[in-house]
Amino acid sequence: MSDRQPNEKPVVRGADGSESAYVESQVIMSTVRVIAPFSLTYGLFLLFHGADSPGGSFQGGAIIGATVLMIAFAFGIEPTRNWLRNRTVVVLAAGGTAMFALVGLIPMAYGANFLEHPFYHEQFGIKTKWGLEAIEVLGVAPIVAGVVSGLFFVIAAGSLPATEEVSEDD
Amino acid sequence: MVSAFGIALFGFVLATALATALLRDILAVIVVFAAYSLGMALFYAFLLAPDVAMTEAAIGAGVTTLLLLLTIATTVRDDVGIAIERPNLPALVVFGGLLVVMIGTVTQFPALGSRNAPVWSNPEVTQYYLEHSYKDTKVHNAVTAVLAGYRGFDTFGEAVVVFAAGISTLAVLGREVFTRE
């Protein structure tokens, strides 16, 4: 799924004659095309298997975010930026924070403490384990993956020529 | 005892750290710094801390390197004549003072795996989590149980800090969107 769109036109950014840091390299592109599916799978494995083996949501989310960065470095930042919608990044980062807060606040609404996981078992019969998993999979990992990839694109965009900053109407 | 692999790894980390501090060319510094992070990741794995090793490899060697490369790719690179930074005296004095404090502290640490280390000699806290974490949470990885369960509130704070870092970067750069919408 990783090399679907960004490799259609790898040199879009340099086409306007402006100085571009991107250099199309067959070696890097081929390497990333092979490695990206594995690193994405490894990130997902760490994320979903973090409760029972080393790793966890932070590491998994960071590796998923790093995979996006790797693709952007190989196939050009601009095509990847156009392929990744701003909505996706914001939903990941803000939604993750909201989900984490929600898991913590629901017990409080019933009079228990913030993030009191055993409460879910007593009240709804949901195992304590799923409370931890919800924080990991729905909370921390999306925040890390979203912020890591978002930081990369916002720093790249901050250094683009000023003429491209017309899209500030959001 | 420290194995030959440990000594070699320590030498590699030390050499890359020195090169990071002394090299003049910024691109070379970033590349050497990435090698340093990779060495530190191996070092954490060597010290049986796989969770920390993964974070160092992903964030330290991967993301930070890419962010630094991206930053200098769009700035002017000075063509400096000298390869090695000339150390200045006040910095060396501060460095020497910190070194004395560091050596004084590190030599007081208990040896790796020592039975006299506080983690073994005062086992109430550590052993509590090792004994109860699976019973309480049904999660095999005690680190996950502590992070998401017992210390969930701290983790919530950390997650909010990461989120705030993303938002404040937008504020500093005067933008409102991460990508082009």
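Just so you know, all these numbers are worked out from the coordinates, no wet-lab data involved. Computed from a predicted structure; not experimentally measured. Note: ideal-geometry Cβ built from the backbone for every residue, glycine included; neighbour counts use all protein chains shown.
Using only Cα atoms and rounding to the nearest 10 degrees, what angle (0 to 90) does helix B:152-173 make with the longest principal axis of chain B?
Orientation of helix B:152-173: about 10 degrees from the principal axis.
Working from Cα positions, state the angle (0 to 90°, nearest 10) between the long axis of helix B:124-137 and the longest principal axis of chain B.
80
By how many nm would the segment from B:Ser168 to B:Thr74 lengthen if fully extended, with 0.36 nm per residue of separation less the alpha-carbon distance?
31.7 nm
Nearest 10 degrees is fine. How inclined is helix B:26-46 to the longest principal axis of chain B, computing both from alpha carbons?
Between the helix axis and the principal axis of chain B, the angle is about 10 degrees.
With a cut-off of 8 Å between alpha carbons and a minimum separation of six or more residues, what is the relative contact order of the stretch A:13-161 in percent?
Averaging sequence separation for qualifying contacts and normalising by length gives 27 percent for the stretch A:13-161.
Please tell me the relative contact order of chain B in percent, rounded to the nearest whole number, where contacts are Cα pairs under 8 Å and at least six residues apart.
13
Tell me the label-point distance for the pair B:Leu98, A:Ala109, using the 7 Å Cα-to-Cβ offset, in nm and rounded to one decimal.
With each label point 7 Å from Cα toward Cβ, the separation is 4.8 nm.
Please label the shape of chain B as rounded, prolate or oblate, based on the square roots a ≥ b ≥ c of the eigenvalues of the alpha-carbon gyration tensor (a/c under 1.5 means rounded; beyond that, a/b larger than b/c means prolate, else oblate).
Oblate.
What's the tally of Lys pairs in the protein assembly as shown whose alpha-carbon atoms lie under 27 angstrom apart, where the two lysines are 8 or more places apart or on different chains?
Close lysine pairs found across the protein assembly as shown: 4.
Quick one: which residues, 5 or more positions from B:Leu23 or on another chain, have an amide H under 5 Å from its amide H? H modelled 1.01 Å from N in the peptide plane, none for Pro or chain starts.
Hits under the 5 Å cutoff: B:Glu85.
Shape call for the protein assembly as shown from the C-alpha gyration tensor, a ≥ b ≥ c root eigenvalues: rounded (a/c under 1.5), prolate (a/b greater than b/c) or oblate?
oblate
Would you give the gap between the C-alpha center of the stretch A:115-129 and the C-alpha center of the stretch B:20-36, rounded to a whole Å?
Answer, in whole Å: 49.
If each of A:Leu44 and B:Phe109 carries a label point 7 Å out from its Cα toward its Cβ, how far apart are those two points in nm?
3.8
Kindly identify the stretch B:1-87 as rounded, prolate or oblate by the Cα gyration tensor criterion: order the square roots of the eigenvalues as a ≥ b ≥ c, call it rounded if a/c is under 1.5, otherwise compare a/b with b/c, prolate if a/b is larger, else oblate.
Verdict is oblate for the stretch B:1-87.
Where does each of B:Glu85, A:Glu133 land when they are ranked from fewest to most other beta-carbon atoms within 10 angstrom?
B:Glu85, A:Glu133
For a label point 7 angstrom out from the Cα of B:Leu47 toward its Cβ, which stretches of the stretch A:42-62 have the backbone nitrogen within less than 18 Å?
Counting only backbone N, you get A:55.
If each of B:Ile26 and A:Val91 carries a label point 7 Å out from its Cα toward its Cβ, how far apart are those two points in nm?
Modelled inter-label distance: 3.7 nm.
Placing unit charges on C-beta atoms (Lys and Arg positive, Asp and Glu negative, everything else neutral), compute the dipole magnitude of the protein assembly as shown about its Cα centre in debye, rounded to 20.
That gives a dipole near 620 debye.
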